[in-house]
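One structure below.
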């Protein structure tokens, strides 16, 4: 059974189609990185999964049940945009109120647990309005964690965070999946961060899912390349082009795809009187893969 | 600490208990609630103690000669001739309307609604909870209004003679009407949820009972049975000559409209996107 199964989901706002026939499958226990440009339909899809907006057509199943079923809704934790907190109330009170809403028996214990999970124990008495952006995002996650959710939907929780905030958020999300064993859907533009935690990816464009894959599949579809710097870059490029099918210049390096090994390239260039000053083997990142896909240079390599 | 995948649908009682718990907590921790309670006490005291009107002989005399006239009119007056006939405990329903608008407006502004409807909370629970909390706050305002008016009456030495039974029936009738009014305001605020200003204006407009006063002017007091079927008509009917039947009528009208507005509000919330 999958945590989320979406078939032919469509949402129109008047003339504008925000989501068009989207299909999505999120396996149980996955950290699903949901990627797309601004306005691609990520937030609209997430809001539909959360029951905040109604689909125009299509089917959403959560753990094999209709997404509107109360029993499954009670096991979904959500952070969409910003947490829905009362600014003049303390962090503690906001969490207690959410726990009360959820009908949690031992609300205090649950709130303490959630605060610990997001490293916010020391800030419980702070007024919500006085918290920093990073703290607010973590409070939102703590709220989403109340009631032991089986599924967490997080809409851009790391946007706007500084490096330390991102690190804490990454640790928090990893802890959550480890300790709570729940499935997480996380949308973000910060692909470098997402790449560190996601086990699955879904790439959406113009309201359609253009690719879904696991992190392993991504790794397999991201080719390795040899990046090098040579004394005479233009001559080196010309020579490499004769031997290898794809040589490009990027970030001041020559990237040689489908190269056997770096030694082979060094030897080849040395034999042609070109000295290599720097050489390394690397893989294309999620960000590069995504940009390639968006530019429709192909992502099936 | 791995979750077992058990899915349980919370009962209506559990859901509503949680939601009411949050709403009442918020109500008691909102300065606005106490401000409105104070306003409800001060307004009748000021009106009773400080207003006077010129009589046909050109002499200024107090607007109210009897303390309890600030609580309710002597008889059901659907068409008012003077401000003295209009200004009574029904004003609480105007204050209450504004309070409910601010309360629900804050739900949307803070994102609380978004947080709420992503959980197991149902739209009907929201309508019921807001209506009950709004009704409670208006009933509290009725009490402070009564206290304010009574204390002011004692201080200015106004006549205190009244049929105690009728006074109790009038106050009880108006307090019972709080449920219907709160449901109306909740419904209006659901319709205009994205337009806070219109929400407040519409609550004020309906709270003044201007529509019923207008209809009353056309059909006359003789059609009181028709006017009593509406919230303002029934609120007016709870006056200083009312009895147990008037309270019963208030109860029926209040509950009837509360049901209608709750069903309509739930339908609107269910059909529309929340956020």
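Coordinate-derived values only; no laboratory data. As the structure is a prediction and not an experimental result, all values here were calculated from the model. Reconstructed Cβ throughout: ideal geometry from the backbone, glycine too, with neighbour counts over all protein chains shown.
Quick look at the numbers
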read-out	value
If the convex hull is drawn through the Cα atoms of segment A:2-214, its volume per residue in Å³	114 Å³
Chain lengthening between residue A:190 and residue A:241 when straightened (0.36 nm per residue, less Cα-Cα)	15.0 nm
Rg in Å to one decimal, and Dmax rounded to a whole Å, for segment B:154-251 via C-alpha atoms	15.8, 48
Calculated FRET value between residue B:28 and residue A:213, using beta carbons and R₀ = 45 Å, to 0.05	0.30
Scattering curve values for segment B:132-179, log₁₀ I(q)/I(0), Debye with Cα scatterers, q = 0.23, 0.31 Å⁻¹	-0.85, -1.09
Calculated SAXS-style log₁₀ I(q)/I(0) at q = 0.13, 0.15, 0.29 Å⁻¹ - segment A:223-283, Debye, Cα scatterers	-0.25, -0.34, -1.51
Whole-Å semi-axes of the ellipsoid equivalent to the protein assembly as shown (Cα gyration tensor, √5λ, descending)	66, 22, 21
Whole-number D in µm²/s for segment A:16-73 (Stokes-Einstein; Kirkwood sum over Cα pairs; 4 °C, 1.567 mPa s)	104 µm²/s
B:239, A:131 arranged by Cβ crowding within 10 Å, fewest neighbours leading	A:131, B:239
Ratio Rg/Rh, restricted to segment B:97-150 and using Cα atoms, in which Rh is the Kirkwood radius	1.12
Overall dimensions of chain B as given by Cα atoms, namely Rg and Dmax in Å	20.4, 86
Shielding by partners, peptide A:73-80 (average Cβ within 10 angstrom, other chains)	5
Proxy reagent accessibility, fewest Cβ within 10 Å first, across B:271, B:14	B:271, B:14
CD proxy at 222 nm, helix term only [per DSSP H run n ≥ 4: -39500 (n - 2.57); per residue of the protein assembly as shown; nearest 500]	-16500 deg cm²/dmol
Residues residue A:262 and residue A:28, FRET efficiency given R0 of 51 Å [Cβ-Cβ distance, rounded to 0.05]	0.80
Burial ordering of A:237, B:114, A:61, fewest other beta-carbon atoms within 10 Å first	A:237, A:61, B:114
Residue of B:55, B:237, B:228 that the Gaussian network model of chain B assigns the largest fluctuation, springs spanning Cα pairs under 10 Å	B:55
Compactness index (Cα Rg / 2.2 N^0.38 Å), segment B:35-133	1.57
Segment B:43-101-segment A:41-74 distance, computed between alpha-carbon centres (Å)	53 Å
Share of alpha-carbon pairs per 10 Å distance bin for segment B:80-169, given as whole %	13, 33, 26, 16, 10, 2
Among A:119, A:167, A:235, residue whose mean-square fluctuation peaks in a GNM of chain A (springs only between Cα atoms under 10 Å)	A:235
Förster radius 25 Å - calculated FRET efficiency between residue B:198 and residue B:109 (Cβ-Cβ, nearest 0.05)	0.95
Relative contact order of segment A:33-177, defined on C-alpha pairs under 8 angstrom at six or more residues apart (%)	28 percent
